Amino acid sequence: MDVMILRMQAPLMSFGETAIDQHRRTDRHPFKSMVVGLMANALGFGRADGSDIQNLQEAIDVASRLDRPGTLMSDYQTAVLGKGDGSDRIPSFVAKEAWSSRGVLMGRSNTDLTFPMTKDYRADACVTVAVSGEAGLLARIAEAMRFPSRPLFLGRKACLPSREIFEATVNAEDAAQALFDLPEAEGCNPTSVQWSVRLGDKGKNPVMRRIPDLKDWVNGIHAGTREVFEAPYRTA
């Protein structure tokens, strides 16, 4: 079957895990909802296209290989939001508004609060992702990844990729086996592979995990878990 290979490499990446209070954690492997969101962004889908993104999430299988774990970094942030935030004292050369990735000018919130937050990132990591599905759908996604409708990012808008994300389309038994068979990237030493349990038991002594990596795209909320296997790469 056809399997699309994506290479995620950047100075900073974030694979959002379950948020606890103001702490936004990151997993070692990208969640399926993040991969789906990345492809939806490339295809030009927006918030009004929740049904199309939901169908995309259900139509594909995703596996990932941790090629280089990188270094865990935490960024503590405080932001004063609202009209009474002293923006009148901000120098004129500092932007008081920002452009979204859709080319829309966005202003500040109407609420009035100070919001602290800690965000985790993976610095200098490299992850290879395999995506399987219907051949025509994969071809459409591959074209969009090469020529995306909007700028692509890896987890957060500030996490810009340092190389082209689309790598190749290969023929393999399934997405997981494609990663076990795929040669390692230059300068990388893969450590583990993660895949859906629906693809079967592979590798040596895989460990099963249940991860909250699905999203209800119609309602715009994270909801749903998925059972995955994780096994060392070199013992496949």
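Any read-out appearing in this document is the output of simple, stated calculations on the displayed coordinates, not a laboratory observation. Everything numeric here is computed off the predicted structure, so don't read it as measured data. For neighbour counting, all protein chains shown are included, and Cβ atoms are generated from backbone atoms with ideal geometry for every residue, glycine included.
What ranking do 67-78, 223-234 get when scored by the average of other Cβ atoms within 10 Å per residue, highest first?
Final packing ranking: 223-234, 67-78.
Rounded to the nearest 0.05, what FRET efficiency do ALA158 and VAL218 have when you use their Cβ-Cβ distance and R0 = 30 Å?
Given R0 = 30 Å and the Cβ-Cβ separation, E is 0.65.
Just to verify a number: FRET efficiency for LYS204 and THR114, C-beta to C-beta distance, R0 = 35 Å, to 0.05?
Step by step, r from the Cβ atoms, then E = 0.10.
Multiply the residue separation of TYR76 and ARG150 by 0.36 nm, subtract the distance between their alpha-carbon atoms, and state the gained length in nm to one decimal.
Once the chain is fully extended between TYR76 and ARG150, it gains 23.8 nm.
So, R0 is 22 Å and r is the distance between the beta-carbons of THR225 and ARG25; what FRET efficiency does that work out to, to 0.05?
Taking R0 as 22 Å, the efficiency between THR225 and ARG25 is 0.85.
With θ taken as phi - 60° and the coefficients 6.51, -1.76 and 1.60, list the Karplus ³J(HN,Hα) couplings across segment 151-167 in order, rounded to whole Hz; mark glycine and proline as x.
x, 9, 9, 10, x, 9, 4, 7, 9, 7, x, 9, 7, 4, 6, 5, 9
Can you compute the modelled spin-label distance between GLU173 and ALA139, with each label point 7 Å from Cα toward Cβ, in nm?
The modelled label-to-label distance comes out at 2.7 nm.
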